[in-house]
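Working notes, beginning with the structure itself.
The values are calculated or read from the model by the stated rules, or taken from the named source; none is laboratory data. Keep in mind the model is a prediction, meaning the values are calculated, not measured. Please note: Cβ atoms are built from the backbone with ideal geometry, for glycine as well, and neighbour counts cover all protein chains shown.
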Amino acid sequence: MPTAAALAAALALTSLLLASPVSAALARSTWGWRAPRPALVLWQAVCLSAGVSAVGAGVALAVEPLGDDVGSGVRTWFRNVVDGHPFRGQTPAEIAVGAASSAIALVLFAVLLRSLALTLRRRRAHRALLVLLTDSCPATAVDRADLLAGVRILDHRTAVAYSLPGWHSQVVLSAGLLDLLTRDELAAVISHERAHIRSRHDLLVLPFQAWGSALGRLPGVRQAAVAVGELAEMLADDIAVRGTDPRVLARALAKVALAMSPATSPAGAPATSPAGAPAAPAVVPVGAPPAASSVPGPVVSARVTRLLDRRRPPRWQVAAVYALAVVLLCVPVVLLLQSWR
Amino acid sequence: MVGRGELERAVIEALWASGTPMTARSVTESLAGRELAVTTVLTVLSRLESKGVVRRTRDGRAHTYQAVAGRAEHTADLMRQVLEGAGDRDDVLTRFVGSVSAEDVAALRRALDER
């Protein structure tokens, strides 16, 4: 029978392995580019398992004298709290470890809540302006009115498409994009954005982004956020090209990317807004250093390449990745169910 | 039934078109085709004020309303929000193409040249 210390060590080791080397390896791997859905599931499992293990390790050490296993120990501790003696039977070291693991759990949770609140507020502000500034379908695009139903058009020459997820979700295209793309390409872009909205990819990405921006100095956390974001884009690409020619979306991607890079088309990047507009200068450096440095590799061209080469990993590999995700989730659960007496 | 957003857009466009501070009454008159009550316009104006798009000042007995910034400035502001949210920060929205690296440009050019 393992001791509580051994269990805690195993949990801590699991958490460290998952948070650092495993995350780094996953972030470097390009296997997921060919199968983004199982790769995203694996990421969620790694993240959840690492978090549960980290908190569980501390809890196991802290409640060791209070019960035969983590469950009974925690139950005893709760009874002690209700009785008004929260620290009965614990040494100062155990109290400190318990406090530390509670703090970790609290920080992870608080960061998530804060990020959620911030995101919702910014989204609401963005949408409020959007409603005032966009038309449903401009006169220049009446020939594509059927396509653009329910899509908002922002009168700006920079070619962008984005979606605002959430309850009042919105797909937004810029006038520059309408000029740049053909009808088929526009349809492909719109289905890509609708795929994000319908499948709620924002919820898959949110925890990684929240922890990435709050705990970004820990090794691997930021890379994880970037990798998960890329996989969500690829998943939306896959959903968008179902039943259509994937080369159309690939062409749209290439066109938009090249239009965005200032080196390619100096006339494409700057804003149409009058020279005196205060916010205009910030719009110009699109592909400039801050953005480029946060992205490890050629992500857009990778998306184009995988749309043109639709080879997918064999079914057994996909099944193995799903199985691995389940195993990773089971590791901390099984460890936490062990009895030490 | 006219949507709330649509009404707000009509009112802000009236303010943009005039360029000078307007009273709720003069806004209502400029939207004559819609047959709105002044109180309705007042409600819309105060909603716009709470969104930070409209500024209210006291002018003698009446309040006047003015657009805080022009259409182009607001559009540029939205665009900045869209383009700044690149990759790994808390993104409010998801962009079709995030950031484009130099490697990307080279690879995409090569791909296009091959055709």
Which of the residues spanning the range A:74-101 are polar (S, T, N, Q) and at pLDDT 90 or above? A:76, A:80
Criterion: surrounded by 16 or more Cβ atoms within 10 Å (Cβ to Cβ) and not in a loop (DSSP other than H, G, I, E, B) - qualifying residue of A:153, A:95: A:153
Which count do you get for residues in the range A:205-220 that are more than 10 Å from chain B (Cβ to nearest Cβ) and either in a helix (DSSP H, G or I) or touching a Lys or Arg at 6+ places or on another chain (Cβ under 7 Å) (or both)? 2
Reported set for the range B:31-67 where residues are under 13 Å from residue B:21 (Cβ atoms) and within 11 Å of chain A (Cβ to nearest Cβ) is B:54, B:67
Have a look at A:117, A:161, A:149, A:141 and point out the one that is more than 10 Å from every other protein chain (Cβ to nearest Cβ) and closer than 21 Å to residue A:259 by Cα. A:141
Would the range B:46-60 turn up any residue that is under 30 Å from residue A:214 (Cβ atoms) and surrounded by 14 or more Cβ atoms within 10 Å (Cβ to Cβ)? yes
Step by step: first the residues of the range A:120-138, then only those that are modelled with pLDDT of 85 or more and in contact with a strand residue (DSSP E or B) (Cβ under 9 Å, 6 or more places away or on another chain), then the one that is farthest from the other protein chains (Cβ to nearest Cβ). Which residue is that? A:127
When residues of the range A:60-101 are limited to those that are among the hydroxyl-bearing types (Ser, Thr, Tyr) and free of Cβ contacts under 8 Å to residues at least 24 places away in the same chain, the one nearest to residue A:5 (Cα to Cα): A:72
Determine whether the range B:64-78 contains at least one residue that is under 30 Å from residue A:159 (Cα atoms), in contact with a Leu (Cβ under 6 Å, 6 or more places away or on another chain), part of a helix (DSSP H, G or I) and aliphatic (A, V, I, L, M). yes
Kindly check whether there is at least one residue in the range A:195-208 that is at pLDDT below 95, more than 18 Å from residue A:164 (Cα to Cα) and of a type outside the set (A, V, I, L, M, F, W, C). no
